[in-house]
1. In region 510-537, what count of residues is obtained for those that are within 17 Å of residue 390 (Cβ to Cβ) and either assigned to a helix (DSSP H, G or I) or modelled with pLDDT under 95 (or both)?
2. With the requirement that a residue be open to solvent by 10 Å² or more (accessible area, probe 1.4 Å), in a loop (DSSP other than H, G, I, E, B) and touching a Leu at 6+ places or on another chain (Cβ under 6 Å), what does region 258-307 give you?
3. Residues that are surrounded by 24 or more Cβ atoms within 10 Å (Cβ to Cβ), β-branched (Val, Ile, Thr) and part of a loop (DSSP other than H, G, I, E, B): does region 132-144 have at least one?
4. Which one of 35, 66 is more than 30 Å from residue 142 (Cβ to Cβ), under 23 Å from the mean Cα position of the chain (by Cα) and open to solvent by 60 Å² or more (accessible area, probe 1.4 Å)?
5. Can you tell me which residue in region 433-454 is modelled with the highest pLDDT, limited to those that are open to solvent by 30 Å² or more (accessible area, probe 1.4 Å) and under 30 Å from residue 31 (Cβ atoms)?
6. It is to be established whether one or more residues within region 20-31 are of a type outside the set (Asp, Glu), in contact with a strand residue (DSSP E or B) (Cβ under 6 Å, 6 or more places away or on another chain), under 30 Å from residue 157 (Cβ atoms) and not in a strand (DSSP E or B).
7. Is it the case, given these coordinates, that residue 362 is in contact (Cβ under 8 Å) with a residue 12 or more places away in the chain, closer than 23 Å to residue 21 by Cα and outside any helix (DSSP H, G or I)?
8. Cβ-Cβ distance below 7 Å, separation of 6 or more or different chains: which pairs start in region 201-218 with a residue that is open to solvent by less than 60 Å² (accessible area, probe 1.4 Å) and end on one that is among the basic types (Lys, Arg)?
Amino acid sequence: MDQDIQQAILKGETSLGIEFGSTRIKAVLIDHRFETVASGSYEWENLLADGYWTYSLESIITGMQEAYSGMQQEVEQKYGITLRTVGAIGFSAMMHGYMAFDSAGELLVPFRTWRNATTGAAAKALTDKFQFNIPERWSTAHLYQAILNGEEHVPRIDFITTLSGYIHWLLTGIKAIGAGDASGMFPIDEATHDYNDSMVKQFDQLIAPKGYDWNLRGILPEVCISGQQAGALSAAGAKILDKSGNLQPGISLCPPEGDAGTGMVATNSVRKRTGNVSVGTSVFAMVVLEKELSAVYPEIDLVTTPNGNPVGMVHANNCSSDINAWLSLFREFSEAMGHKADTNHLYSVMFNKALEADPDGGGLLSYGYFSGENITGIEKGRPLFVRSPGSRFNLANFMRTHLFTAFGALKIGMDILTKKEHVAIDSILAHGGLFKTPVVGQKIVAAALNVPVSVMATAGEGGAWGMAILASYMSRRDEQESLEDFLDQQVFKNAQGQEIYPDGYDVKGFEVFMERYTQGLAIEQAAVDNLVENWRD
C-alpha cells in the first residue's frame with residue numbers, strides 16, 4: 001500500500017487542501033482514493049486589537065507555511081519522498097470578514113474577521129435596501145460600515161476579498177473566489193452564478209454621492225464555481241508556501257472556498273434537502289433549499305454551495321469556546337490534585353456526564369458568548385453561568401447546560417427554517433471536534449433540531465480534507481459530472497456513518513431549556529451593559 005501511495009505522490013496523483021480555521025490551520029494531502037496520506041497543522045488564535053477581532057498577516061503566512069511544512073515532513077518520514085509537486089491545490093478559510101487592499105497590494109486596515117459584531121447599522125441598511133438579508137459578518141457589510149464611519153482608507157480601496165481569496169491571490173496572482181465564499185461577501189444570483197447584478201447597481205447608486213474612483217464589481221473578486229480551474233501556483237507563490245524551496249510552480253488551483261462550503265463537501269451535503277452542522281468556535285447549520293424563502297429573516301443567511309445552489313445558513317458566533325474554557329479549569333483542578341488529565345479522556349468523561357442529567361439541565365443557564373451574538377441581538381461577549389437557589393446544581397446538569405447552550409442561538413434560527421418556512425430536511429450530517437466523543441454531541445444536536453443526525457467517519461477529517469476533495473474534483477471529474485454525483489459515486493460510495501434519531505426525552509428537555517435561554521437574554525444584556533471587557537481596564 002505504501003508503494004501505491006509513493007507512486008501516487010511521485011506522479012502527482014494527489015490533491016492538497018489547506019484550511020484556515022479559527023483556531024487551527026490544517027494542510028491535508030489526499031491520494032486518488034481520497035484518503036489522507038499526510039497532514040500538518042498550526043495552532044493560532046485571533047486577537048482583539050483596537051476593537052476588532054483580527055489575525056495579523058504575519059501569522060497568516062507563518063501558519064500556512066508551518067502547516068504545509070508539517071505535511072511535507074510527514075510525506076518524507078512515511079514515504080521517503082521529497083514532495084515537489086501535487087496534482088491540485090485548494091485553499092479555504094473562515095468565511096466573511098474584510099480584507100481591503102490598495103493598488104500596490106498593501107492591506108489598508110488589519111483583517112476584520114467574521115467575529116466582529118461592529119456593522120449593525122450597515123447590515124440593517126443594506127438588508128432594507130436589497131430586501132435580502134445582509135448579515136453583520138458579510139464583507140459588504142464591513143465595507144459599507146467603513147463608508148458610514150467615514151474611514152480614511154475607503155477612497156483608496158482597489159480590491160476587497162476574504163481570507164481564502166487573499167491566500168489564492170497571493171499564491172497565484174489571480175483575484176478569484178469560489179461561489180460559496182463569494183456568497184458570504186455579496187448576494188449571488190442562482191441563474192448566473194455571479195454577484196446579483198441589480199443589487200450591485202443598487203449598492204453603487206447608494207454610494208455614488210461619495211464620488212469614489214471605484215465601483216463594487218470592480219473591487220470584488222471574480223466568482224468561480226467548483227470544477228473550474230482558478231489559476232496556477234506562481235513561482236513567487238511556491239516560494240511563499242514552501243520555505244524549503246522544493247515545491248515546483250505551475251500546479252493548478254481550484255477556486256478558494258469558505259469553511260461552510262468545505263463543511264458541506266466533507267459531509268456530502270450539497271444535494272437539495274440535505275444539510276450539515278459544523279461545530280467549532282462558531283457553529284453553523286446549512287440546508288440546501290428546494291425553493292426560495294417567503295420572507296427576509298435576519299437570522300438566516302442565504303448563501304450557496306460551491307457549485308452555486310442556494311443554501312439557508314444559520315450561523316451563531318459562539319459555540320465551543322466557553323466549553324473549552326470550563327474544561328481547561330477542570331483540567332487545572334485535576335492537575336492541582338496530582339492527576340494529569342489526558343485531554344481526550346477529560347472531554348469524554350465530562351461530555352458523557354451530560355447523558356446522566358435532568359432533561360432540561362436542572363434549571364441551570366449559561367451563555368457562552370465570548371463575542372457578540374447576532375441571532376440574539378447581543379453586541380458584545382460576556383460568558384455567563386447562572387443558577388437559582390432551586391436549581392439542581394450537579395456536574396451532569398452543568399455539562400448538559402453548557403452543551404445545550406452551545407446550540408441555543410442556532411436553535412432559534414433553525415426553528416425559523418423548519419417551523420415557519422417548513423423546509424424539508426432529509427438528513428443532517430455533523431462534523432467538528434465536539435463529535436470526537438461518540439454519541440453525546442449527536443444526541444444534543446438531534447434534540448436541538450429534532451431531526452436525525454449522522455456523523456460520518458470522514459467528517460473528522462474536517463474542512464481541509466473537504467478542500468482537498470474540491471481540488472480533486474477540479475482535476476479528476478468528467479466534464480459533465482456534477483459535484484453531487486462526484487461525491488456520491490466516487491468519494492462517499494462506501495462511506496460509513498452512524499445516525500442517531502431524536503430522543504423525545506431530550507427534545508422536550510431542550511424546549512424547556514430554550515424557554516429559560518430566551519427569557520434569560522436580559523441577564524446577558526445586563527452583563528454587557530455593566531461588566532467591563534477587561535477587569536484591568
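1. At the first step, the residues of region 510-537 found to be within 17 Å of residue 390 (Cβ to Cβ) are 512-513, 515-516, 519-520, 523.
Now restrict to residues that are either assigned to a helix (DSSP H, G or I) or modelled with pLDDT under 95 (or both): 512-513, 515-516, 519, 523.
Qualifying residue count for the region: 6.
2. Of everything in region 258-307, those that are open to solvent by 10 Å² or more (accessible area, probe 1.4 Å), in a loop (DSSP other than H, G, I, E, B) and touching a Leu at 6+ places or on another chain (Cβ under 6 Å) turn out to be 268, 307.
3. Checked against the condition, which is being surrounded by 24 or more Cβ atoms within 10 Å (Cβ to Cβ), β-branched (Val, Ile, Thr) and part of a loop (DSSP other than H, G, I, E, B), region 132-144 yields at least one hit.
4. On the way: 66 fails: more than 30 Å from residue 142 (Cβ to Cβ).
Step by step, each of 35, 66 is checked, and only 35 is more than 30 Å from residue 142 (Cβ to Cβ), under 23 Å from the mean Cα position of the chain (by Cα) and open to solvent by 60 Å² or more (accessible area, probe 1.4 Å).
5. 438
6. Just the residues of region 20-31 that are of a type outside the set (Asp, Glu), to begin with: 20-30.
Restricting the remaining residues to those that are in contact with a strand residue (DSSP E or B) (Cβ under 6 Å, 6 or more places away or on another chain) gives 20, 24-30.
Restricting the remaining residues to those that are under 30 Å from residue 157 (Cβ atoms) gives 20, 25.
Next, only the ones that are not in a strand (DSSP E or B) stay: none.
The answer is no, given that none of the residues of region 20-31 is of a type outside the set (Asp, Glu), in contact with a strand residue (DSSP E or B) (Cβ under 6 Å, 6 or more places away or on another chain), under 30 Å from residue 157 (Cβ atoms) and not in a strand (DSSP E or B).
7. On the way: in contact (Cβ under 8 Å) with a residue 12 or more places away in the chain: yes; closer than 23 Å to residue 21 by Cα: no; outside any helix (DSSP H, G or I): yes.
Against the criterion (in contact (Cβ under 8 Å) with a residue 12 or more places away in the chain, closer than 23 Å to residue 21 by Cα and outside any helix (DSSP H, G or I)), residue 362 does not qualify.
8. Listed by first residue and then by second, the contacts come to 202/129; 206/129.
The values are calculated or read from the model by the stated rules, or taken from the named source; none is laboratory data. These numbers come from a predicted model, not from an experiment. A quick note on method: Cβ atoms are made from the backbone with ideal geometry, for glycine too, and the neighbour counts reach across all protein chains shown. Surface accessibility is based on the protein's heavy atoms, side chains included, excluding ligands, DNA and RNA. Shrake-Rupley method; radii C 1.70, N 1.55, O 1.52, S 1.80 Å.
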